[in-house]
Structure formats: C-alpha cells, structure tokens
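Before any comments, here is the structure.
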Amino acid sequence: MPTIAQQFGMEEALAQLGVKAINDGTSTGNEWFSNGELIESYSPVDGQLIGKVRATTAADYERVMESATKAFKTFRTMPAPQRGEIVRQFGNKLRELKEPLGKLVSYEMGKSLQEGYGEVQEMIDICDFAVGLSRQLNGQTIPSERPKHVMREQWHSIGVVGIISAFNFPVAVWSWNTALAWICGDVCVWKASEKAPLCSIACQNIIAGILKDNNLPEGISCIINGDYKVGEMMTTDVRIPLISATGSTRMGRIVGTTVAQRFGKSLLELGGNNAIIITPTADLKVVVPGAVFGAVGTAGQRCTSTRRLIIHESVYDKVRDAIVGAYKQLTIGNPLDQKNHIGPLIDKDAVNTYLAAIEKAKAEGGKVLVDGGVLSGEGYESGCYVKPAIIEAENHFEIVQHETFAPVLYLMKYSGDVENAIDLQNGVAQGLSSAIMTNDLKEAEKFLSFSGSDCGIANVNIGTSGAEIGGAFGGEKETGGGRESGSDAWKIYMRRQTNTVNYSDELPLAQGIKFDL
Ligand code: UN1
C-alpha cells in the first residue's frame, strides 16, 4: 500500500520546493546556517515525519541581524517600483509553484488541499496588490499657514520588520507582511511556527531564488526557526522597529508589552471569537454553507472561524435543524483527498484542548446537539482527527467567552430586535470578525453602524472567515488592533515624516508668534 505521501506526490512536491530531510532553519536569503537543535515536523495527516529543521541559536540570530541591518541600507535606496518588480517576480514564481506549495501546506498543517491552494492564492493576490502599491506610497501636501511655505508628508522605509506567524496560515500571513514590507523598502526576519517549519524553508527557497536572479544582497528575506525563545530575540531587539505577530491573545499580550517597553511598534493579529447573527429574514441557502464553512473550515483553526451562531428565536429550530443536518454530510479524513471536507487538528495538544472545551461547555450547562470526539481506526492513525461539535450554550459561559482553536460551534438564541443580537455578538473580549445574515436593509445597516458590530471585520450575508486581501485585516479589543494586508495597512511598514519648507526671505513663526531680534 503506498503511503499518503507517496499517493499524493509529496516527495516530488518537497523536491520542487527544495525541502530536504534535514534543513538548516536559519537563512539570510541564499545562505543557510543553523546550530540549534533539530525540530521534527510530523504531519497531522498521517503522523509521519516529513522532515527536520535545525533551530536558530543566539549566534545564528546575530548573523541574521547583521545581514538584515546591512541589507536595509541598500534596499531602501532602490526605487519603490523596482522593489515592486521583485515582488511581481515572486508572485509569478508562486503561480508556478502553487501546486507543490499548496500540497505542503495541506500535508504539514492539515488543512484541506483546496484551502492549501487558497492560501497560496492569497500570497499571489497580495503580491499583485503590492506591485500596484509600489507606485502609490503617496504622501500628501498640506496647505501651510505661513506665506511661501510648503508642507508635505513623506513615507520612509522603517527598517527590519520582525514577523512571527502561526501554524494555521503557515505561508500566507508571512507574505501579507513581506510583500508590503519589501515594496516599502524594509527587510524582513521571519520566525515561523515550530509546528509548520518546513513551510518556511519552502517559502525562503522561493524568494531566495528571485533575490539571487536580481543580484540583490543577503539580508532582505531572512528566516529563523525555533520556539518562543527565538521569538523573544526579536521582540526584545531594539534593531527591529516593527514586530508583526499572529497568534493567541496570550502570546500577543507578552509580545505587545515587550515591544512597547522599548518603544517599538507592533502589529498584533490575535484571537477571535467570531459570531454570525441569523435574523428572521436570513436566507438558509446562504446561512448554511456560510456557517458550516466558517465553523469547520481549516478544522476550526482560523482566527476568523465561526465560534457562535446567534439565532433569532422565531427561526431558531429551522436554522438549528438545517445546520445539524449539514454536519451529517461532512466527511472527515485525509485533507489531501478532495472528497473530504475536514482534515485533522494540528497536534494532540490541540485535540486535548478541544476535548476539554466540550467537557467544560457541558459542565457549564451546554446541551450537545452534535457530539464531538476523536476518530480512530484506518486513516485516523495520527490521532488528530476530531468530529466537529455543536453545543447549545449561553454567551456568558466561560468557555464560550474563550477562543478554542477547534471545530466547536455554540448556538444561542436572541429575541426581539437585532440590537439584542448585536449586544451578544459584542459581549466577548475579542473583536476580529462578525457577520449578519439578513435581507432586511435596516438590520444590515444597524449591524454595520457605529453602534453595531465592534469587530474589525463585519460582513453581511457572508460568513466570518475567508476575507479577501484587498481589505485591511485585523480586529479590535483582545484581537490586538493591528491591520494587515489591504487598504492602507502598508503605512505601518513605514515611518511618516512631516516636512515644512520655507522659500520666502523671512522667518514667520507658526501661530503668529512674534520673536523680533
Ligand atoms: C488567520 O486565521 O490567521 O479571512 C487568517 C480568512 C483568511 C485569513 C485568516 N483570509 O479567513
């Protein structure tokens, strides 16, 4: 019997991506070195060892930072549209390698192959976006109150950008940051998740080839690997003016305070507790796929995953039955096999967290509508496959107030006006994504108004996950307040400078102050 890796051409994919059995986990571009311990990457798909990555030591990190700080000095002098050209080539290379890279994401992280390809597509999309943006890093001119004076604003490169990414989007989140940072003239140091380190090797190989073809120096794209201690090297390092970190609220609290203490900037994209409000006029044809994909897509391991459905009492039974019915159609198994909807959780710790959440919800009075549990037997040998669960619960339950990175969906009722649903939706500490299903214009606009959803993302007749790259991505409250990818998120990768130029022969002071000598 061929193994899953053989059946789905993983060996060829790894070879195409330059991922070896043992890889150095530290790189400044085309140079690779690493003196730390080996991190083993096991696939949650079949429990097999895919490869090993050598972690970054303090000395390796120093070498990276020397290279990055040096590269910044030249990279920032390159005209922004020329930097855009590099990102254009990177996007094209990703188009060529979409299949192997999508497969690696799926096999190392466990998301469905479709979602693995989707993640690479997100990388391609952000590259295209960044290429256009490389000609639009515009400042403004501002009327001066003084005669013969000009005021303007410029955006300058900021320096070395430190990126800390999570296992659930092991390639896309890196590219959201790098594509923008590079066109802005910054250089990047990426600490990938130790749960998906091979993805970082593959990405670095892709960009390193492009940098080499363009005779660009080492240090523009760097990777480091290891546990949180390697991340700490960056968060405490005054040479890194911006840390962009994706992960749990617990991690973000530590990163945010550490970076703030040294007056660095941070872009935090942390936990979500995303709800869909389902109103009496909601169309079930939209509600069911939206809610189900939101809750079980990526096995509930997106920060945008749907955790709560807030359903109007008048349609509660109908919506509940439709969702429960749809769960019966779900197939769980090898995510590389496109007949399956749901792959495994990332590891056994995640499985234990999932099981504990279900127990806690029950203990708090939750009523199980679709029972969870760990799957075993043929195809489930990794021990990471779980059944998506649905639990009727109350918003104030402690477990409902927390983000559990697993497919556990809480159902709750609201009565009366949509404001009551919005109160429930906002009644959590997190503020990433939210949605309303309605055909009532007034309800939709209330939800989007200043007194509506308090989240960074608020959708109408769309689920909570699956944002496009063109919008600014991120959330409020414990989600951390950062914005990545589209809109004007590029500004965080630059520093703003206000210039006032006097072309008169006098020195008039602002605010009309007289200072005669
Ligand atoms: C994440 O889970 O960290 O909106 C990012 C989405 C994806 C990105 C999720 N485009 O679901």
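The values are calculated or read from the model by the stated rules, or taken from the named source; none is laboratory data. Model, not experiment: these values are computed from the prediction. Cβ placement follows ideal geometry from the backbone for every residue including glycine, while neighbour counts extend to all protein chains displayed. Ligands, DNA and RNA are excluded from the accessible area calculation, which covers all protein heavy atoms including side chains. Shrake-Rupley method; radii C 1.70, N 1.55, O 1.52, S 1.80 Å.
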Of Glu476, Glu484, the only residue that is within 10 Å of the ligand (Cβ to nearest atom), of a type in the set (Asp, Glu) and either surrounded by fewer than 14 Cβ atoms within 10 Å (Cβ to Cβ) or over 16 Å from Gln136 (Cβ atoms) (or both) is Glu484
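Listed here are the residues, each with its yes/no results for (1) assigned by TED's automatic domain parsing to the domain that holds Asn352; (2) within 16 Å of the ligand (Cβ to nearest atom); (3) under 26 Å from the mean Cα position of the chain (by Cα).
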| site | (1), (2), (3) |
| --- | --- |
| Ile399 | yes, no, yes |
| Tyr410 | yes, no, yes |
| Val418 | yes, no, no |
| Ile422 | yes, no, yes |
| Ser434 | yes, yes, yes |
| Asp440 | yes, no, no |
| Phe450 | yes, no, yes |
| Lys491 | no, no, yes |
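One line per residue, one yes/no per condition, for (1) open to solvent by less than 10 Å² (accessible area, probe 1.4 Å); (2) away from the ligand (no atom under 13 Å from the Cβ); (3) outside the structural domain of Ala406 (by TED's automatic domain parsing); (4) assigned to a helix (DSSP H, G or I):
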{"residue": "Glu108", "(1), (2), (3), (4)": "yes, yes, yes, yes"}
{"residue": "Glu115", "(1), (2), (3), (4)": "no, no, yes, yes"}
{"residue": "Glu119", "(1), (2), (3), (4)": "yes, no, yes, yes"}
{"residue": "Gln136", "(1), (2), (3), (4)": "no, yes, yes, no"}
{"residue": "Pro147", "(1), (2), (3), (4)": "no, yes, yes, no"}
{"residue": "Arg152", "(1), (2), (3), (4)": "no, yes, yes, no"}
{"residue": "Gly162", "(1), (2), (3), (4)": "yes, yes, yes, no"}
{"residue": "Pro170", "(1), (2), (3), (4)": "yes, no, yes, no"}
What tally of residues in the range 218-234 results from selecting those that are polar (S, T, N, Q) and farther than 14 Å from Ala58 by Cβ? 1
What number of residues within the range 443-466 are open to solvent by 40 Å² or more (accessible area, probe 1.4 Å) and either without any contact (Cβ under 8 Å) to a residue 24 or more places away in the chain or in a loop (DSSP other than H, G, I, E, B) (or both)? 8
Would you call Asn395 on the phi < 0 side of the Ramachandran plot, polar (S, T, N, Q) and part of a loop (DSSP other than H, G, I, E, B)? yes
Inside the range 369-381, the number of residues satisfying the requirement of being under 16 Å from Pro407 (Cβ atoms) and touching a residue at least 24 places away in the same chain (Cβ under 8 Å) is 5
Could you pull out the residue among Ser193, Ser175, Ser157 that is modelled with pLDDT of 95 or more, open to solvent by 10 Å² or more (accessible area, probe 1.4 Å) and within 15 Å of the ligand (Cβ to nearest atom)? Ser193
Pair list, Cβ under 7 Å, 6 or more apart: the range 399-410 residue free of Cβ contacts under 8 Å to residues at least 60 places away in the same chain, other residue assigned to a loop (DSSP other than H, G, I, E, B): Ile399/Glu364
Return the residues of the range 274-295 that are open to solvent by 10 Å² or more (accessible area, probe 1.4 Å) and within 16 Å of the ligand (Cβ to nearest atom); say none if nothing qualifies. Pro289, Gly290, Val292, Phe293
